[in-house]
Structure formats: structure tokens, C-alpha cells
Amino acid sequence: AQTVTQSQPEMSVQEAETVTLSCTYDTSESNYYLFWYKQPPSRQMILVIRQEAYKQQNATENRFSVNFQKAAKSFSLKISDSQLGDTAMYFCAFMKHITDMRFGAGTRLTVKP
Amino acid sequence: NAGVTQTPKFQVLKTGQSMTLQCAQDMNHEYMSWYRQDPGMGLRLIHYSVGAGITDQGEVPNGYNVSRSTTEDFPLRLLSAAPSQTSVYFCASTEGGTRTEAFFGQGTRLTVV
């Protein structure tokens, strides 16, 4: 079974600065999807960014970008120009099949004013 | 567009009681899933469905039943609640094909006393 590891239970960053959240995963598959989801205090799960493993180019969505290292099985999330609204739990997720998404334990990010 | 709707948002049960968590989606998605979220463990898959009439077990299915009589609805039944089932429950739906984003409901916080 695939496992997803987020080694940073909590992180903090000053407003307007950059922060990187780490994620590693274990799989023998070559084709799969990786995701970062954000969970603010409202509890809603919100997709931040998605990466297809067959694409070498790192995905970006406005202030959010990933560093996808397939050989190292690493998928980190970089948040630039951090905003107070970025305060949330962030979950890294691995998906080989739509019916089986595996999540990491999460990183709680606090953006300080 | 309502997306994925879960009810109730909060529930307290006594040990041994049964209940059904409701989930409905209005996006005509084929794939639906139930997850539980526990501190330090991320989200874990309970059951999933690939279409009306088809369901299967996920990572932690014991103590839960599901059915999928329509595309829209995917209820989760707790047969005899136990304190170990205290958790936050999320329903999700996914369109399928190249559309791999999971849309989540707002979650149900369940406490079993």
C-alpha cells in the first residue's frame, strides 16, 4: 500500500514570506497523481494544487507551486507571499486510482502578522 | 451549485446506537467515497462507490455499511456505534477520467459516548 509522510506537524511563517511544506511518499507505481489540500478552520477540504506523475513540469497555481522529484518520491509545496488566509492544515495526498486516495497526517501552518 | 452536501454537521451518539450519515452530490459524479479524519492520521478511506449499485471497502471499513441506490446519494451507516468511531467524517465525489479532483462535503463531527 502506498504511504504518504508529512514530517512537519506544525510550521509558522511571517506574513508576506515564503514557506515550504514537505511530503514524501512510497510507491512502486509509475503513473499516479499527487495533491495538496488545504483545510481551514471551517473544516472544508479545498484543493490547492495537483500534479500528474507523468508530467515533468512542476505545477503552479498563483502563489502556490510544487517541487516534484519523482525519483526521490518527494512532493513539496511552496507558498509565496504568505497571507493570513493561508493559515490552515495542509494535507498531501497520493492517488493511483480514483477509488483510493491516501493522505498524509497533515501540517498545521500558521501565518503570523 | 451545492456540490457535496453532508448532514448532519454534528452528532452525539451513545455507544450501541445506530445512525446514518447522509451525503448527496449534484454534479453527476460517478465516484463517491467516505473518509474519516482522526488527529495525527490524516484522512482514511472507509468505503467507496464507482457508480450506482456498486460499492467496495476501503482501508478502515469495519463497523460501517454503505449503499448507492442512485448516482446522487451515498449514505454511511454506523451499525452499533463505538467510542472508537468518534471522528470527523467526510464524503467526497470525483467525476472520473482525467478529472481527478475530489470534491468534499463540509464534514460531520461525530462523538460516541
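Based on a Kirkwood Rh over C-alpha pairs, give the Stokes-Einstein translational diffusion coefficient of chain A at 10 °C and viscosity 1.306 mPa s in µm²/s.
The Stokes-Einstein estimate is 113 µm²/s.
Restricting to Cα pairs below 8 Å that are 6+ residues apart, what does the relative contact order work out to for chain A? Please round to a whole percent.
38 percent
Within the set of other residues whose C-beta is less than 13 Å from the C-beta of B:Thr71, count the net charge using Lys and Arg as +1 and Asp and Glu as -1.
That sum, taken over residues with Cβ under 13 Å, equals -4.
What is the magnitude of the charge dipole of the protein assembly as shown about its Cα centre, with +1 placed on the Cβ of each Lys and Arg, -1 on the Cβ of each Asp and Glu, and no other charges, expressed in debye to the nearest 20?
Result for the protein assembly as shown is approximately 380 debye, rounded to the nearest 20.
Evaluate peptide A:91-103: per residue, the Cβ atoms of other protein chains within 10 Å of its Cβ; return the mean as an integer.
5
Please compute, over every Cα-Cα pair in the range B:58-113, the percentage with a separation greater than 15 angstrom.
Above the 15 Å cut-off, the range B:58-113 has 59 percent of its Cα pairs.
Would you kindly work out the equivalent ellipsoid of chain B from its C-alpha gyration tensor and give its semi-axes, the square roots of five times the eigenvalues, largest first in whole Å?
Those come to 23, 14, 13 Å.
Considering only A:Ala16, A:Ala53, A:Ala71, give the residue with the highest GNM mean-square fluctuation for chain A, with springs between Cα atoms whenever their separation is below 10 Å.
In the Gaussian network model the winner is A:Ala71.
How are the C-alpha pair distances of the range B:1-48 spread across 10 Å bins, as whole percents from the shortest bin up?
Spelled out per bin, shortest first, that is 19, 46, 31, 5.
Note down the magnitude of the dipole of the range B:3-113 about its Cα centre, charges +1 on Lys and Arg C-beta and -1 on Asp and Glu C-beta and zero elsewhere, to the nearest 20 debye.
That gives a dipole near 440 debye.
Starting from a Cα-only point model with no solvent, please compute log10 I(q)/I(0) by Debye for the range A:1-54 at q = 0.23, 0.29 1/Å.
Debye intensities relative to I(0), on a log10 scale: -1.16, -1.30.
Of chain A, which part is the longest with no GluC sites (Glu not before Pro) in a loop (DSSP not H, G, I, E, B) and with at most 15 other C-beta atoms within 10 angstrom?
A:30-113
Before anything else, pin down the relative contact order of the range B:38-113: Cα pairs under 8 Å, at least 6 apart, normalised by residue count, whole percent.
Averaging sequence separation for qualifying contacts and normalising by length gives 21 percent for the range B:38-113.
Taking the Cα atoms of the protein assembly as shown, what is the range of coordinates along each of the three principal axes, in descending order and whole Å?
48, 37, 34
Read-outs: derived from the displayed coordinates by stated rules, not from any lab. For clarity, every value in this text was computed on a predicted model and none was experimentally measured. For neighbour counting, all protein chains shown are included, and Cβ atoms are generated from backbone atoms with ideal geometry for every residue, glycine included.
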